[in-house]
Amino acid sequence: MSVVGRRVAVRVPATSANLGPGFDTLGLALSMYDELTVTATDRPEVTVAVTGVGAGEVALDETNLVASSALATFAAVRQEAPGMHIEAHNSIPHGRGLGSSGAAVVAGIAAAKGLLEGTVSFTEDLLLGIASELEGHPDNVAPALFGGLTIAWTGADGPRHKKLMPHRGVSPLVFIPESTLSTRRARELQPINVPHADAVFNVSRSALLVAAMLQSPELLFHATEDKLHQSYRSSAMPETADTIALLRAHGYPAVVSGAGPSILVLCDGPGDRLEAARLVQGEAAIPWRAEMLAVDFKGATVVPIP
Ligand code: HSE
C-alpha cells in the first residue's frame with residue numbers, strides 16, 4: 001500500500017546515558033524534545049527544513065540523519081520508501097552528551113513506523129535493533145524510544161531493554177557548556193582493561209542506582225559513583241570534571257551526561273536544584289546553561305496528522 005500523502009508528527013526526548021556507574025547500560029529520558037513533521041510525497045527526493053538547534057548546520061537532503069534513518073527503516077522492513085519532506089524543530093543541543101544523534105535516529109525510525117501504520121507492525125525489539133544498528137549505542141536509543149529509565153543489554157539475539165519508571169522524587173538538573181565533545185573521542189580515552197576491583201565497585205553502584213532511582217532517591221549520591229569511564233575521559237573535558245567535583249563536594253549526585261561534556265545531577269527533590277544551579281553559577285570556571293528537567297515517561301511519540 002502506498003504511504004504517499006500520509007503525514008505524521010514525531011516527538012523525541014533528549015537522553016542521558018550511563019548515569020555514573022551504568023556505563024553503556026543505563027539511560028534516562030529527559031523532558032527536552034526534538035519535534036518533527038514528516039510528509040510522504042510522490043517526488044523522488046527527500047527535503048528537510050530545520051529550525052532551532054542544527055539550523056544551517058545539518059544536511060537538508062537524504063543524508064540528513066533523520067532522513068537516512070527513516071529510509072533505513074523502510075529498507076529494514078522491506079518496504080519501498082516514498083519521497084519525504086521533513087520539518088524539524090530541534091531543542092536537543094548537539095555534541096553535548098544529551099543524545100541528539102540518538103534522538104535524530106529515533107525520530108527517523110518513528111516517522112517510518114508512523115507512515116507505515118497499518119502496513120507493518122514494529123515490535124519494541126525490532127525498533128531497538130534498528131536504532132542500535134544505526135546509532136551504535138543501545139543505552140542512548142533505548143530511553144529515546146521508550147522513555148523512563150532503561151537498562152539496555154545485548155544478548156545473542158541482539159539488543160534488548162527493560163524500561164523502569166523512576167520515583168517521582170527524582171529531579172534531573174542538566175548543566176550544558178558551550179563546548180562540544182564527540183563520543184568517538186571520549187571512547188578513545190577508555191582503557192581496554194580495567195582493574196577487577198573497579199569493575200566490582202561499579203557493579204555494586206549500578207545495582208544500587210536502580211534501587212535509588214525506583215525507591216530510594218536519598219541514596220542517589222552513593223549510587224552515582226563510578227570508576228569505569230569518567231576519570232579516564234576527564235582530560236577531554238576538564239571543566240566538566242571540575243564542576244562535577246564541586247557539585248559532589250557539596251553533596252549533589254552529579255555525573256557526566258552520556259559521553260559529555262554536559263553534567264547530569266540527579267537531585268532527590270525539585271528544591272535542591274536551585275541551590276545547585278546557584279553554586280555552579282557562582283563558583284564554576286566557565287558558564288553553564290542550567291536546565292531543570294523532568295523525567296520523560298513516554299519516549300518517542302508519533303501521531304498521524306489528518
Ligand atoms: N555509553 C556511551 C558512552 C554513550 O558513554 O560512550 C554514548 O553517547
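Working out 0.36 nm times the residue gap between Glu80 and Val120, then minus their Cα-Cα distance, what length gain in nm do you get to one decimal? Don't skip to the answer; put the middle values down first.
Numbers: separation 40, 0.36 × 40 = 14.40 nm, distance 1.20 nm.
Gain in length upon complete extension: 13.2 nm.
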### Summary
Of Tyr33, Tyr232, Tyr252, the most mobile residue in a GNM of the chain (C-alpha springs, cutoff 10 Å) is Tyr232
### Query
Can you give the extra length, in nm with one decimal, that the chain gains between Ile305 and Ser231 once fully stretched, where that is 0.36 nm per residue apart less the Cα-Cα distance?
22.0 nm
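Among Thr37, Thr15, Thr150, what is the fewest-to-most ranking by other Cβ atoms within 10 Å?
On the way: Thr37 16, Thr15 32, Thr150 28.
Least crowded to most crowded, the residues run Thr37, Thr150, Thr15.
So for Lys227, Lys113, fewest C-beta neighbours within 10 Å to most, what's the order? Don't skip to the end; give the middle numbers.
On the way: Lys227 18, Lys113 22.
Placing the least packed residue first, the sequence is Lys227, Lys113.
Quick one: dipole size for region 170-292, taken about the Cα centre, charges +1 on Lys/Arg Cβ and -1 on Asp/Glu Cβ, in debye to the nearest 20.
Numbers: 10 positive and 13 negative charges, 70 e Å.
The calculated dipole for region 170-292 is roughly 340 debye.
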### Query
What number comes out for the charge environment of Leu128, summing +1 per Lys or Arg and -1 per Asp or Glu over other residues with Cβ under 15 Å away?
-3
### Task
Have a look at Leu36, Leu126, Leu274 and tell me which one the Gaussian network model of the chain (Cα, springs below 10 Å) gives the largest fluctuation.
Leu274
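Counting each DSSP H run of 4 or more residues in the chain as -39500 (n - 2.57), what helix-only mean residue ellipticity at 222 nm follows after dividing by all residues, to the nearest 500 deg cm²/dmol? Working shown, then result.
Numbers: 10 runs with 106 residues, N = 306.
Calculated at 222 nm, the ellipticity per residue is -10500 deg cm²/dmol.
Determine, for each peptide in 216-223, 140-147, the mean count of other beta carbons within 10 angstrom over its residues, then list the peptides with the highest first.
140-147, 216-223
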### Query
Shape of region 150-207 from its Cα gyration tensor (a ≥ b ≥ c, root eigenvalues): rounded if a/c is under 1.5, otherwise prolate when a/b > b/c, or oblate?
rounded
### Task
Starting from the Cα gyration tensor of region 170-292, take the square roots of the eigenvalues, sort them a ≥ b ≥ c, and report rounded, prolate or oblate (rounded when a/c is under 1.5, otherwise prolate if a/b is larger than b/c, else oblate).
oblate
### Summary
For the chain, the dipole about the Cα centre with charges only on Cβ (Lys and Arg +1, Asp and Glu -1), to the nearest 20 debye, works out at 320 debye
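What is the calculated FRET efficiency for Glu133 to Arg278, with r their C-beta to C-beta distance and R₀ = 30 Å, to the nearest 0.05?
On the way: r = 43 Å, r/R0 = 1.44.
About 0.10, to the nearest 0.05.
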### Query
Expressed in nm to one decimal, what extension gain is obtained for the pair Glu45 and Arg248 from 0.36 nm per residue of sequence separation less their Cα-Cα distance?
68.0 nm
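Every read-out reported here was derived from the displayed coordinates using simple, explicitly stated rules and does not represent laboratory data. Note that the structure is a prediction, hence the values are computed from the model and not measured. We place every Cβ from the backbone using ideal geometry, glycine too, and count neighbours over all the protein chains shown.
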